[in-house]
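Asker: Sharing a structure with you now.
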Amino acid sequence: MKAYARTAVRLHPRPGEPNIHDSHIGGPLIWPADEPWPTCDRTIALPDDDWKHRIPESPVPMVGVAQLYARNIPEITFPNGTDLLQVLWCPNEHLLEDNHVPFLQLIWRRISDLTGYLDDPPMRHHETPDSPPDAPASELSLEYYLPRPCLLNLERVTEYPHSATLPQQLQAALKRWDNEAGVMYQSLLSVAPGCKIGGWESWHLTDKYELPCHVCGAETKFLMAFASKEWDSESRLRWQPLEERHLEPGTVSYEEAHEPTTLELGRYGALYLFVCPHSPDHGYRFTIQ
Ligand SMILES: [Zn+2]
Ligand SMILES: [Zn+2]
């Protein structure tokens, strides 16, 4: 199993007031004063009973979802001398690769290139109310794609692959170990739940499938996961932080630890993001699990 060990950086986002110089989820992005804020004009799928499709009348402003500095998370493979990753998305459902998901944009920057930046960059977060279907296009957004601003509490852990993706022989050995020693490899030893950088992606919803780069065909590399919840009833035995185990379910403090970002991603709750090892200009791939 040693050959399969990978380090994941668990982000442990918790509600706070991040600023533009912090690594964060859902806080303000450091933004060049002379650079227009990105927008999305892709067709929106309205999540009613039959997924009506609507072309926005005017472009929808993107929302800053994460900002990650190399000085905090050097484990990220920053391309071409960059040292800052900003993740934005359009907070609407778009039909991409047979999934209804927000449309993402990844921006890789070099901090030394940022000479002048906005003091008060645009920010939308989860207290912005759901927009009704007849709202102006520029206001269209789904509350569950608007993150609550969170500071990060980084933790490095060792992960192993989702059991179903391992060779048959190892799967059988792990099953025996689970049965004989009462271990729960899948929940406790393999893939950490919650928001994280690197490590392994989970394949608990679908069988594993290949995610080649759309541009060059290379196998993409797992970058990070955005998750709806930080643990579930099984994984909490290992992955719920010890410092928070005294929190009572149903209280605000438990909710802020368990669902800190307020994001809701898919039925089972995590979006795994992959990038091409050859060029940051080759877009991204994803799977919802
Ligand atoms: Zn959009
Ligand atoms: Zn590529």
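Values in this text are rule-based calculations from the coordinates and carry no lab data. Predicted model, so just to flag it, every value in this text is computed and none were measured. A quick note on method: Cβ atoms are made from the backbone with ideal geometry, for glycine too, and the neighbour counts reach across all protein chains shown.
Asker: With θ set to phi - 60°, apply the Karplus curve 6.51 cos²θ - 1.76 cosθ + 1.60 along the stretch 20-31 and write out the HN-Hα couplings as whole Hz, x wherever there is a Gly or Pro.
Answerer: Listing the rounded values in order: 5, 9, 8, 7, 6, 10, x, x, x, 8, 6, 9 Hz.
Asker: Would you please give the residues with an amide H less than 5 Å from that of E93, counting only those at least 5 places away or on a separate chain, with H modeled from the backbone geometry?
Answerer: A45
Asker: Separation of the stretch 46-75 and the stretch 257-289 by C-alpha centroid, Å?
Answerer: Their Cα centres are 11 Å away from one another.
Asker: Also: Alpha carbon centre of the stretch 4-26 versus the stretch 143-210: separation in Å?
Answerer: If you average the Cα positions of each part, the centres end up 18 Å apart.
Asker: Can you give the calculated 222 nm mean residue ellipticity of the chain, where each DSSP H run of n ≥ 4 adds -39,500 (n - 2.57) and the sum is split over every residue, rounded to the nearest 500 deg cm²/dmol?
Answerer: -2500 deg cm²/dmol
Asker: Still on this model: Go through the stretch 73-84 residue by residue and turn each phi into a ³J(HN,Hα) via Karplus (6.51, -1.76, 1.60, θ = phi - 60°); whole Hz please, and just put x for glycine and proline.
Answerer: Values, residue by residue: 10, x, 5, 5, 7, 7, x, 6, x, 7, 9, 8 Hz.
Asker: Counting Lys +1, Arg +1, Asp -1, Glu -1, what net charge surrounds Y69 among other residues with beta carbon under 15 Å of its beta carbon?
Answerer: Overall, the nearby charge balance is -1.
Asker: Also, I was wondering about something else. Show the residues, 5+ positions off or on another chain, whose built amide H is closer than 5 Å to the amide H of K221.
Answerer: Distant-sequence amide H within range of K221: V275, C276.
Asker: Quick check on packing: order 45-51, 224-230, 184-190 by the mean number of other C-beta atoms within 10 Å, highest mean leading.
Answerer: In decreasing order of mean packing, 45-51, 224-230, 184-190 become 224-230, 184-190, 45-51.
Asker: Let's test this: bin the Cα-Cα distances of the stretch 182-289 at 10 Å from zero up to the farthest pair and state each bin's percent.
Answerer: Per 10 Å bin, starting at zero, the Cα-Cα P(r) for the stretch 182-289 comes out as 14, 40, 30, 13, 3 percent.
Asker: Expressed as an acute angle from 0 to 90° and rounded to the nearest 10, what is the orientation of the C-alpha long axis of helix 168-181 relative to the principal long axis of the chain?
Answerer: 70 degrees
Asker: At 10 °C and 1.306 mPa s, grab the translational diffusion coefficient of the chain from Stokes-Einstein with a Kirkwood Rh over Cα pairs, rounded to a whole number in µm² per second.
Answerer: Answer, rounded: 79 µm²/s.
Asker: Report, to two decimal places, the Cα Rg of the stretch 17-148 normalised by 2.2 N^0.38 Å (N = number of residues).
Answerer: Output field value: 1.11.
Asker: Rank by packing, highest mean first: peptides 112-120, 72-80, 269-277, with packing defined as the count of other Cβ atoms within 10 Å averaged across residues.
Answerer: The peptides rank, most packed first, as 269-277, 72-80, 112-120.
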